[in-house]
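Below: one structure, written as structure tokens.
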Amino acid sequence: MGYADLQSDSLAATLDALRRHRGLRGIRQQLHWHDNPAYRFARQPALMNEESWRRGLRAVAERGLLFELQVFTSQMADAARLAGAFGDLTFVLLHAGMLEDRSEQGWAAWREGMRRLADCPNVTVKLSGLGTFIHRCDADAWVPVIRETVAMFGAGRCLFGSNFPIEKLWTGYGSIVDAVAGALDDCTPEQRDAIFYANAVRIYRL
């Protein structure tokens with residue numbers, strides 16, 4: 001994955017330079033904005049709605065690249081509309097939608113937003129970064145997120161991600177694999193293979 005500011009005047013040159021690297025498959029620009037400044041990375045909550053930014057996203061799509069989508073629950077409705085407007089572009093939603101609010105209201109809002117994104121056939125979701133807001137590998141906390149995500153998107157549109165080396169701050173790689181595999185124990189072998197291997201091969205052209 002490469003980074004590019006999609007509003008930059010030099011975006012086309014940046015993308016073309018990045019494409020010289022044979023391993024480039026897509027672009028990530030962090031869009032996630034939160035009321036809590038500690039969780040905030042984007043310049044504004046609705047950057048994806050800016051026409052100048054969308055022109056940049058069109059340049060990404062025209063070069064056959066995917067876009068890794070990192071948003072919070074409050075941004076999911078806009079993200080679903082974005083995916084609908086760019087039906088020819090593959091979006092990979094990071095960190096299973098970054099559920100940071102585990103209150104009853106937080107879960108309800110996350111589910112509603114995830115369903116909107118699941119309705120967009122060009123959106124896949126990465127089961128990654130699940131320890132980001134709890135700072136631990138906790139199967140009890142991860143299982144409902146993983147199982148509900150797979151139920152909404154289907155095994156053919158979900159893929160494993162470790163989020164290493166960030167997750168290394170509080171857990172080990174093997175623990176992450178074991179926790180995700182345990183959450184998928186009700187899936188068929190074919191579904192587990194898709195999530196752990198085949199979907200990544202297809203989406204990232206590995």
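The values are calculated or read from the model by the stated rules, or taken from the named source; none is laboratory data. Being a predicted model, the structure only gives us computed values, none of them experimental. Because the Cβ atoms are built from the backbone with ideal geometry, glycine has one as well, and the counts that use them run over all protein chains shown.
Please enumerate the residues belonging to region 145-171 that are aromatic (Phe, Trp, Tyr) and in contact (Cβ under 8 Å) with a residue 40 or more places away in the chain. Scanning region 145-171 gives a single hit, PHE160. In region 87-95, the condition of being within 21 Å of ILE203 (Cβ to Cβ) and surrounded by fewer than 19 Cβ atoms within 10 Å (Cβ to Cβ) is met by at least one residue. Is at least one residue of region 172-194 within 15 Å of MET76 (Cα to Cα) and either touching a Pro at 6+ places or on another chain (Cβ under 6 Å) or surrounded by fewer than 20 Cβ atoms within 10 Å (Cβ to Cβ) (or both)? Within region 172-194, none of the residues are within 15 Å of MET76 (Cα to Cα) and either touching a Pro at 6+ places or on another chain (Cβ under 6 Å) or surrounded by fewer than 20 Cβ atoms within 10 Å (Cβ to Cβ) (or both). Do we find a residue being over 17 Å from the mean Cα position of the chain (by Cα) and surrounded by fewer than 16 Cβ atoms within 10 Å (Cβ to Cβ) anywhere in region 140-151? So far as region 140-151 goes, yes, one or more of its residues are over 17 Å from the mean Cα position of the chain (by Cα) and surrounded by fewer than 16 Cβ atoms within 10 Å (Cβ to Cβ).
In this structure, THR124 qualifies as of a type in the set (Ser, Thr, Tyr), over 19 Å from GLY182 (Cα atoms) and surrounded by 15 or more Cβ atoms within 10 Å (Cβ to Cβ). Under the condition of being part of a loop (DSSP other than H, G, I, E, B) and under 24 Å from ALA61 (Cα atoms), the residues counted in region 99-127 number 4. The helices (runs of 4 or more DSSP H) found wholly in region 1-98 and carrying at least 3 residues that are under 20 Å from ASN122 (Cβ atoms) occupy 51-62, 76-85. Against the numbered list (1) assigned to a strand (DSSP E or B); (2) modelled with pLDDT under 95, ILE176 comes up short only at (1).
Checked against the criterion of being polar (S, T, N, Q), within 13 Å of the chain's Cα centre (by Cα) and under 20 Å from HIS32 (Cα atoms), the candidates THR132, THR124 yield just one match: THR124.
Would a scan of region 161-170 turn up a residue that is within 13 Å of ARG192 (Cα to Cα) and part of a helix (DSSP H, G or I)? Scanning region 161-170 turns up no residue that is within 13 Å of ARG192 (Cα to Cα) and part of a helix (DSSP H, G or I).
Test of understanding: among PHE67, PHE72, PHE41, which residue is in contact with a His (Cβ under 7 Å, 6 or more places away or on another chain) and surrounded by 14 or more Cβ atoms within 10 Å (Cβ to Cβ)?
PHE72
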